[in-house]
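Asks: Handing you a structure now.
The values are calculated or read from the model by the stated rules, or taken from the named source; none is laboratory data. Given the structure is predicted, the values throughout are model-derived calculations rather than measurements. Using ideal geometry, Cβ is built from the backbone for each residue, glycine included, and neighbour counts are taken over all protein chains shown. Quick note on the areas: whole protein, heavy atoms, side chains included, nothing else; ligands and nucleic acids left out. Shrake-Rupley method; radii C 1.70, N 1.55, O 1.52, S 1.80 Å.
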Amino acid sequence: MDALSLTGAAMLNDVERMRVISNNLANLTTVGFKRELSVSRPFADLVTGMADSTGTVSRTSAPSVVSYTDQGSGVLKYTASPLDIALEGSGLLVVDTPWGEGLTRQGSLQLDEQGRLVTHVQIKIAPLGD
């Protein structure tokens, strides 16, 4: 087994783990953000997967770290606002936008000037195709 190939594969795994950690940290305060988790395959699977049928080791193997989005609910936080709601499970709120209905998990609600229940999320970017 070529030590350089193993080292390269380990470095690719570390790069993927750092990407996941960096993205999670960058979105730490983003309401409703779903964190990513990274899972490594066993080292033995990596070593056997790097060799082709002739026993030649590929230096271009893909990282053995697999990332997936944690779909679990986050921690509920008391806000003392009587209009705030928390969603547990996979539910979404349907909101009206200038481009039609939209979906959100943002539960910080308030009343507008007309007495309608609204989110405080500002729409800043038009959807693609407009």
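Asks: Which of the residues belonging to the stretch 52-75 are in a loop (DSSP other than H, G, I, E, B), over 19 Å from Val20 (Cα atoms) and either touching a strand residue (DSSP E or B) at 6+ places or on another chain (Cβ under 9 Å) or modelled with pLDDT of 80 or more (or both)?
Replies: Ser58, the sole residue that qualifies.
Asks: Could you count how many residues in the stretch 83-106 are out of contact with any Leu (no Cβ under 6 Å at 6 or more places or on another chain) and open to solvent by less than 70 Å² (accessible area, probe 1.4 Å)?
Replies: Within the stretch 83-106, residues that are out of contact with any Leu (no Cβ under 6 Å at 6 or more places or on another chain) and open to solvent by less than 70 Å² (accessible area, probe 1.4 Å) number 10.
Asks: Something else about it: Would you mind stating whether Gln110 is surrounded by 13 or more Cβ atoms within 10 Å (Cβ to Cβ), modelled with pLDDT of 75 or more and out of contact with any Lys or Arg (no Cβ under 6 Å at 6 or more places or on another chain)?
Replies: no
Asks: Among residues belonging to the stretch 1-29 that are under 18 Å from the mean Cα position of the chain (by Cα) and of a type in the set (Val, Ile, Thr), point out the one that is most open to solvent (accessible area, probe 1.4 Å).
Replies: Of everything passing the filter in the stretch 1-29, Thr29 is most open to solvent (accessible area, probe 1.4 Å).
Asks: Quick check: anything in the stretch 30-41 open to solvent by 80 Å² or more (accessible area, probe 1.4 Å), out of contact with any strand residue (DSSP E or B) (no Cβ under 8 Å at 6 or more places or on another chain) and at pLDDT below 85?
Replies: yes
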